[in-house]
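To start, the structure under review is shown below, and the notes come after it.
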Amino acid sequence: MKIGIPRALYFYVYYPMWYGFFSSLGHEMKLSIPTNKEIINLGVSHSVDDICISVKVFHGHVKYLLNKDVDFVFVPRIASEEKYKYTCPKLAALPDLMKSAFVSDAGRILTATFYTRQGDKPIIEAFEEIGRQLGDPEEKVKRATKEGIKYQNLATKALRSGHTFLDIVKNIKNLEELIKRPVEKKRYTVALAGFPYDVYDTFTNGDVISKLEDSGVGIVTTDMLDPKVYKHYSKYMIKDLFWYQANAAAKGGMYYIDSPDIDGIISISSFNCGISSIYQKLLDLYSKEIGKPVMHIIVDEQTGDAGLATRIEAFIDLIRVKRGDGLVSQENNLHGTENGVHVRSV
Amino acid sequence: MSKTVALGIDIGSVTTKVVFIDENDEIIEGLYIRTKGNPIDTIKAGMIEAYNVISSKYGDIEVMAVGTTGSGRQLAGVVVGADIIKNEISAHAYAAIHEVPDVSTIFEIGGQDSKIIFIRNGAVTDFAMNTVCAAGTGSFLDHQAERIGIGIEKFGEYALRATNPVRIAGRCTVFAESDMIHKQQMGATPEDIIAGLAESLVRNYLNNLARGKELLPKFVFQGGVSENIGIVKAFENAVGAEVIVPKNNKLMGAWGVAMLAKREIEITGQKTNFKGFKVTELEHKTRVFYCDGCANNCEVYEVIENGETIAYWGDRCGKWSNRLTSKVRRTERADRREEINSEK
């Protein structure tokens, strides 16, 4: 069978697991192309208009795949990722949203509910359900599930060693090698706080990652952190948030605010996201206490780049000055994306 | 002996600022012109005008450094040959700190965007720019001045004469305008409406940009809108402290980037990239086309100087911008800089 995998939302968290599972079963996988204008246009014209850009983009990816010759498009329902922590209602309702948006293709939406509280049991059950729908033998599904979990663990390891999820997607076939590969350390490091699908969708967020890296700034993200390291920030928030990813962004962001080797924090979220507004406020409050720069980038459908470039340049200037490197003597930024900041001692 | 100057150009959405500074960083000539439709022509006209004034005063001049800033900074940078192309936040902050060294908060309101910059101990610690709309910026005031039929330059004095400023919804220009028309039909005087507008603009600005941030004196207010004494008063009322409007309030961005360009040249010891005043005689054209290389269909901008393309931008993948000829210059610069570094 040929299974389409939309490159959006939880793709940026669980793709390794899906890759391991489907490839072990011998199914061919088709990834949708990275978000581009065509995908956004498809998404915007097929979705209700009051949802966030990330979910709209997901519609676009699904439609893109439905237009290709794939047997199924995989849209898992990820309802929970931790005990008592849930995902946004739109994400929990994702298969239903897709089925109602693409009624004539509803039968081609392959789904199962991942209600991951603790342990692997819910994952095994969800994959069993998928296996039944695809008509694969139980034994094979069991093996494939193990394979999926193995890939996911490898990916987690790669994240913990400082590789971004984009690197993981690129190197999905040799994750072990990726884990061993060292991450280049740059003079400045900026932490990106936010949901993985906002941080890594380089088209919708105006490619913040490249803009920073081209300016000589290294990046780390909140999904690189082991939740154990930021557990204690619950105290600052009085209690944990209801949403798993918002917790990761808020507490991970706070952890980075406290890390001496991080120069600043940039949060990335989509305009209509109510959950983001909560963790951003928390980061604001916390950064005020510690005194580390935090900037919020809120994206929507716009493709104009000037406003974003100005903010990022100014933010880099700010951390340069903070480190005593001054404003001048840097390679000129002649065209937005190439902002090579050269650092030299004066 | 010729006079050595540095040039700073700030191409804003509504106005263009051209500033020449002398060796003491003092402005010897500054111009404030409307950008209108064509930023390149505006820059050239401004440069010629300023050149004529300065050369009649000082005779020969030598430009040792050029910097550009503002939303048109890239375009201006490639056209004139800039040594530094700086975002407007850093440029504005640099000039404000130069003028008022112990400044803590900078309000800057220009034609289409507004920013707030927080400074502690002479360094930018935080900033915010207006997000989704242009409510409460210069363009909106301009539009309202036209509608009411009172010159924008008189807005300030009208606001000061008000006895009972009316409350105007400042969240959005569409609501603000209908609110203003409603109040005017109810019989409010133009003075009270204009003062109300100033207050709502300040309220909206502070709610939008300064939300939850600590506003500490000294306050500096710059950008075109700081000409408006009514808004200055409204700011003072809102923050409960004096708000300083520096003497070059409208030119701060250009001044800041002129100083930064000068520092850049002083530090690197390089020769300026400035193409000379002859650029005003060169023919510059710009062209926009849609790249059909992939589904993104990027709007690519091309700058053509005397028939030769000198810059591309707007492409996401770098297909066009990587082939631009000024890239050669950039690489050379980078190489030279590495040489300097290795010598140290």
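Counting only residues that are aliphatic (A, V, I, L, M) and free of Cβ contacts under 8 Å to residues at least 24 places away in the same chain, region B:233-271 holds 1 of them. I'd like to check something: does region A:215-228 contain any residue that is among the small types (Gly, Ala, Ser) and in contact (Cβ under 8 Å) with a residue 60 or more places away in the chain? Yes, the conditions are met somewhere in region A:215-228.
Filter region B:101-118 for residues that are among the aliphatic types (A, V, I, L, M) and touching a Leu at 6+ places or on another chain (Cβ under 9 Å); which is surrounded by the most Cβ atoms within 10 Å (Cβ to Cβ)? Per the stated criteria, the residue is B:ILE109.
Conditions (1) in contact with a Gly (Cβ under 8 Å, 6 or more places away or on another chain); (2) closer than 20 Å to A:GLY326 by Cα, marked per residue:
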| residue | (1), (2) |
| --- | --- |
| B:ILE11 | yes, no |
| B:THR16 | yes, no |
| B:VAL19 | yes, no |
| B:ALA45 | no, no |
| B:SER56 | no, no |
| B:GLY59 | no, no |
| B:VAL78 | no, no |
| B:ILE85 | yes, yes |
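Within region A:191-227, work out how many residues are of a type in the set (Asp, Glu) and more than 14 Å from the chain's Cα centre (by Cα).
Total meeting the criteria: 3.
Scanning region A:205-219 for residues that are within 14 Å of A:ILE268 (Cα to Cα) and assigned to a strand (DSSP E or B) yields one hit, A:ILE219. Say we look at region B:292-311 and pick out the residues that are within 7 Å of chain A (Cβ to nearest Cβ) and free of Cβ contacts under 8 Å to residues at least 24 places away in the same chain; which of these is surrounded by the most Cβ atoms within 10 Å (Cβ to Cβ)? Taking the candidates together, the pick is B:ASN296. Scanning region B:57-116 for residues that are more than 10 Å from every other protein chain (Cβ to nearest Cβ), among the acidic types (Asp, Glu) and in a helix (DSSP H, G or I) yields a total of 1.
Could you tell me which residue of region B:188-223 is modelled with the lowest pLDDT, considering only residues that are assigned to a loop (DSSP other than H, G, I, E, B) and out of contact with any strand residue (DSSP E or B) (no Cβ under 9 Å at 6 or more places or on another chain)? Only one residue tops the list, namely B:GLY212. In the set (1) surrounded by fewer than 22 Cβ atoms within 10 Å (Cβ to Cβ); (2) in contact (Cβ under 8 Å) with a residue 12 or more places away in the chain, the condition left unmet by B:ASN121 is number (2).
Annotation note: of A:GLY264, A:GLY307, A:GLY291, A:GLY252, the sole residue that is small (Gly, Ala, Ser), buried (at least 21 other Cβ atoms within 10 Å of the Cβ) and closer than 25 Å to B:ALA93 by Cβ is A:GLY264. So, in region A:23-41, of the ones that are surrounded by fewer than 22 Cβ atoms within 10 Å (Cβ to Cβ) and away from every other protein chain (no Cβ under 14 Å), which residue ends up farthest from the chain's Cα centre (by Cα)? It comes out as A:GLY26. Restricting A:ILE265, A:ILE275, A:ILE290, A:ILE238 to those that are of a type outside the set (Gly, Ala, Ser) and in contact with a Pro (Cβ under 9 Å, 6 or more places away or on another chain) reduces the list to A:ILE265. Of all residues in region A:87-128, those that are more than 19 Å from A:TYR151 (Cα to Cα) and part of a helix (DSSP H, G or I) total 18.
The values are calculated or read from the model by the stated rules, or taken from the named source; none is laboratory data. The shown structure was predicted, so the numbers you read here are calculated from the model rather than taken from an experiment. So basically every Cβ, Gly included, is an ideal-geometry build from the backbone, and we count neighbours across all protein chains shown.
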